[in-house]
Amino acid sequence: MPCSESNPCERKDADLRYTIPQLMKARAQLFPTRLALSAQSGAGRDRLTYRQLAQRMDAMAQELAALGLTRGERIGVFLTNDHGRECILTALGAFALGAVVVPFNTRASDDELTHAITLTSPRMIVTDSRSRTRMGQLAPSARLLVVDADGAGAGDAPWPEPEQQGSGAELSYADDPDTLACLHFTSGTTARSKAVMHSHRTMIAAGLCCGSALGLTADDLYQGAFPFFTSSALNIACMSCWVQGAGLILEGHLDNERRLRLIETEATSFYHGVPSVLNFMLQEYTKGGYDLRSLRRVANGGAAMPIELMRRIGEAWPWVDQVQIYGLTESGPSGTVLGPADLERKAGSVGHAMPYTEIAVVNERGEPLPPGETGEIAITGPAVAMGYYENAEATAMAFSGRRVLTGDVGRLDEDGFLFFGDRKKDVINRGGLKIASVAVESVLYTHPAVREAAVVAVPHPNLGEDVAACVVLVPGQAVDKEVLARHCAAQLADYAVPRRWLFLEALPKNPMGKVLKTELRAKMASETV
């Protein structure tokens, strides 16, 4: 079907032949004066139309090329969303060159960042003056591009502010949609996180699948609360909007009052966040004084959505539809969608397969199981990643063509709706930020006073889940939770540090010696906070 403004979503075959810069050029022709991006830039906010964004993409590519970035090289981004504009323009310029964008976790520990930097070997890293010393120490071989030029040191360069018209230099665009475009890090189901490889094609497919599932249209202004270092920023927020022709309003670091005010000032029609963010927004909204009548739909994902929270949103904002999605970085994150018509009818489900996506529940041999039987969730579709960077063994275990094994357990009902059962990988979901239990346990075991440790998820009223550590001390040792928390904080992202602690004489285990985490969760639940 031909591409047209009246029919912006029916472009699967055409869109999947594009690279990202080709997509942006096509959208600039189709929607030249529509808002493409509203993003924070330090103390201000920049608003760019599709034509302006495509122009700045060209200019950014020219500037990065002049600094020496070439096709296939990696460029890291270590910035918060307070420089969301610079994050997005850096990514677009790199995509145009055929370079690879590597968003680094701004809340990670030095140890985690050293692993990520060593694995990806970035030629350049974009950062700010507050972080340039740290980045210089952790990545001595990378050239730093500093967004606030006053913070640039010897050997650094100012981040090249792209002029609207660019320099006019001839560009050789990336023209193969299967070119590697981005490396997104997993939350780490082992002590070391893996870098997920997404091509131009899989990123655009993620936008096609997720944007269609969400019900996003070219008339929408979509506001998202996603850190740039997560796949939800580039693959869901950016790609969904730009495939559909919608406007993206990328949040900076906002408190709940300013988040609601941004919805007002931008006339946001579509809000997307993890359940904990929606919960905090709702708490602030009930204080009064906010006009959110521009909203038509609220989406959630990244964590389990409590039915009670959906009910309270419906009562507070009765004019707003709700939609829920489920996926993971390796799948795009394409996966399932639970639309407004099914919220009550299929309460407790995470939905059915997104458009262009297939969902199966499989046994240990990878064979599909019938409805009602529990097994591992497998996702197949055009948004599934290329595999793990420099990790052929892990790639072979998880990926098979366009299918990925999620490591999550669930079951399908007779109507094809997925019910999430448990996390096979034992990942804790704290407000949408994923934490591998084994990674926290590995750090605890490095403390000389710790004999055994097991980390589990415990319910949290606002974040959904929180991190709890069950610890057995070496006989004769006496350390308290504050000491162990400081030990963890030195090696883990701040959100991965346990908030709940339980000291035991021994961990419960089965006859094979496996720790019984179900018992630990129950025991933690019975303890006074």
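The values are calculated or read from the model by the stated rules, or taken from the named source; none is laboratory data. As the structure is a computational prediction, the values presented were derived from the model and not from experiment. Don't worry about glycine lacking a Cβ; one is built from the backbone with ideal geometry, like all the others, and counts go over all protein chains shown. Please note that ligands, DNA and RNA were not included when accessible areas were found on the heavy atoms of the full protein model with its side chains. Shrake-Rupley method; radii C 1.70, N 1.55, O 1.52, S 1.80 Å.
Name the single residue, out of those in region 295-320 being touching a residue at least 40 places away in the same chain (Cβ under 8 Å) and part of a strand (DSSP E or B), that is nearest to the chain's Cα centre (by Cα).
Ala299
Please verify whether Gly335 is out of contact with any helix residue (DSSP H, G or I) (no Cβ under 8 Å at 6 or more places or on another chain) and over 30 Å from Arg296 (Cβ atoms), treating the condition exactly as stated.
Values: out of contact with any helix residue (DSSP H, G or I) (no Cβ under 8 Å at 6 or more places or on another chain): yes; over 30 Å from Arg296 (Cβ atoms): no.
Here the answer is no, as Gly335 does not meet what is asked.
Name the residues in region 27-56 that are part of a helix (DSSP H, G or I) and closer than 16 Å to Leu250 by Cβ, would you? I'd like the intermediate steps shown before the answer.
Our first condition is that a residue be part of a helix (DSSP H, G or I); within region 27-56, this holds for 27-30, 50-56.
The answer is Tyr50, Gln52, Leu53, Arg56.
In this structure, is Asp415 at positive phi and either under 21 Å from the mean Cα position of the chain (by Cα) or open to solvent by 50 Å² or more (accessible area, probe 1.4 Å) (or both)? Reasoning before the result, please.
Numbers: at positive phi: no; either under 21 Å from the mean Cα position of the chain (by Cα) or open to solvent by 50 Å² or more (accessible area, probe 1.4 Å) (or both): yes.
Here the answer is no, as Asp415 does not meet what is asked.
Taking region 424-450 as the search range and keeping residues that are over 27 Å from His184 (Cα atoms) and in contact (Cβ under 8 Å) with a residue 24 or more places away in the chain, which one is nearest to the chain's Cα centre (by Cα)? Before the answer, list the steps.
First, pick out the residues of region 424-450 that are over 27 Å from His184 (Cα atoms): 445-450.
From the residues that got through so far, the ones that are in contact (Cβ under 8 Å) with a residue 24 or more places away in the chain too are 446-450.
Numbers: Thr446: 29, His447: 31, Pro448: 35, Ala449: 35, Val450: 33 Å.
Here the answer is Thr446.
Test Tyr356 against the criterion of being touching a Cys at 6+ places or on another chain (Cβ under 6 Å) and either surrounded by 13 or more Cβ atoms within 10 Å (Cβ to Cβ) or not in a loop (DSSP other than H, G, I, E, B) (or both), and give yes or no. Break it down into steps so the answer makes sense when it comes.
Values: touching a Cys at 6+ places or on another chain (Cβ under 6 Å): yes; either surrounded by 13 or more Cβ atoms within 10 Å (Cβ to Cβ) or not in a loop (DSSP other than H, G, I, E, B) (or both): yes.
Yes, satisfied.
Give me the pairs: first residue in region 158-169 and farther than 16 Å from Thr49 by Cβ and of a type outside the set (D, E, K, R), second residue modelled with pLDDT under 60 and assigned to a loop (DSSP other than H, G, I, E, B), beta-carbon distance under 8 Å, and six or more apart or on different chains, which are they?
Correct list of pairs: Pro158/Ala152.
Considering every residue within region 515-528, establish whether at least one is in a loop (DSSP other than H, G, I, E, B), at pLDDT 85 or above and open to solvent by 30 Å² or more (accessible area, probe 1.4 Å). Give the steps one after another, and end with the answer.
Filtering region 515-528 down to residues in a loop (DSSP other than H, G, I, E, B) leaves 516, 527-528.
This time we only want the ones that are at pLDDT 85 or above, so: none.
Scanning region 515-528, I find no residue that is in a loop (DSSP other than H, G, I, E, B), at pLDDT 85 or above and open to solvent by 30 Å² or more (accessible area, probe 1.4 Å), so the answer is no.
Residue check, Tyr290 against (1) hydroxyl-bearing (Ser, Thr, Tyr); (2) over 20 Å from Gln324 (Cα atoms); (3) touching a strand residue (DSSP E or B) at 6+ places or on another chain (Cβ under 9 Å), all met but one. Which one?
(3)
Out of the residues in region 185-208 meeting the condition of being in contact with a helix residue (DSSP H, G or I) (Cβ under 8 Å, 6 or more places away or on another chain) and among the basic types (Lys, Arg), tell me which one is surrounded by the fewest Cβ atoms within 10 Å (Cβ to Cβ).
Out of the qualifying residues, it is Arg192.
Tell me which residues, restricted to region 360-406, are at pLDDT below 95, within 28 Å of Leu119 (Cα to Cα) and buried (at least 19 other Cβ atoms within 10 Å of the Cβ).
Thr406 - this is the single residue of region 360-406 that is at pLDDT below 95, within 28 Å of Leu119 (Cα to Cα) and buried (at least 19 other Cβ atoms within 10 Å of the Cβ).
Return the total of residues in region 148-179 being open to solvent by less than 40 Å² (accessible area, probe 1.4 Å), closer than 29 Å to Ala26 by Cα and either at pLDDT 90 or above or polar (S, T, N, Q) (or both).
Number satisfying all stated conditions: 5.
Could you tell me whether Arg45 is under 22 Å from Leu208 (Cα atoms), at pLDDT 95 or above and charged (D, E, K, R)? Write out each step before concluding.
On the way: under 22 Å from Leu208 (Cα atoms): no; at pLDDT 95 or above: yes; charged (D, E, K, R): yes.
No: the conditions fail for Arg45.
Please state which one of Val479, Val455 is β-branched (Val, Ile, Thr) and closer than 21 Å to Glu112 by Cβ. Steps first, answer last, please.
Working: Val479 fails: closer than 21 Å to Glu112 by Cβ.
The conditions single out Val455.
What are the residues in region 479-497 that are without any contact (Cβ under 8 Å) to a residue 24 or more places away in the chain and open to solvent by 70 Å² or more (accessible area, probe 1.4 Å), if any?
Asp480, Lys481, Glu482, Arg486
Arg17 - would you say it is within 26 Å of Asp220 (Cβ to Cβ), open to solvent by 10 Å² or more (accessible area, probe 1.4 Å), free of Cβ contacts under 8 Å to residues at least 60 places away in the same chain and not in a helix (DSSP H, G or I)?
On the way: within 26 Å of Asp220 (Cβ to Cβ): yes; open to solvent by 10 Å² or more (accessible area, probe 1.4 Å): yes; free of Cβ contacts under 8 Å to residues at least 60 places away in the same chain: no; not in a helix (DSSP H, G or I): yes.
In short, no.
As an exercise: evaluate His272 against (1) out of contact with any strand residue (DSSP E or B) (no Cβ under 7 Å at 6 or more places or on another chain); (2) farther than 30 Å from Ser442 by Cβ and give the number of the one condition it does not meet.
(1)
Tell me, which helices (runs of 4 or more DSSP H) wholly within region 209-288 include 2 or more residues that are under 17 Å from Trp317 (Cβ atoms) and open to solvent by 20 Å² or more (accessible area, probe 1.4 Å)?
On the way: elements: 239-244, 256-266, 275-285.
Passing ranges, in order: 256-266, 275-285.
Regarding Ser131, is this residue touching a Ser or Thr at 6+ places or on another chain (Cβ under 9 Å), at pLDDT below 95 and surrounded by 17 or more Cβ atoms within 10 Å (Cβ to Cβ)? First the steps, then the outcome.
On the way: touching a Ser or Thr at 6+ places or on another chain (Cβ under 9 Å): yes; at pLDDT below 95: no; surrounded by 17 or more Cβ atoms within 10 Å (Cβ to Cβ): yes.
Judged against the criteria, Ser131 is not a match.
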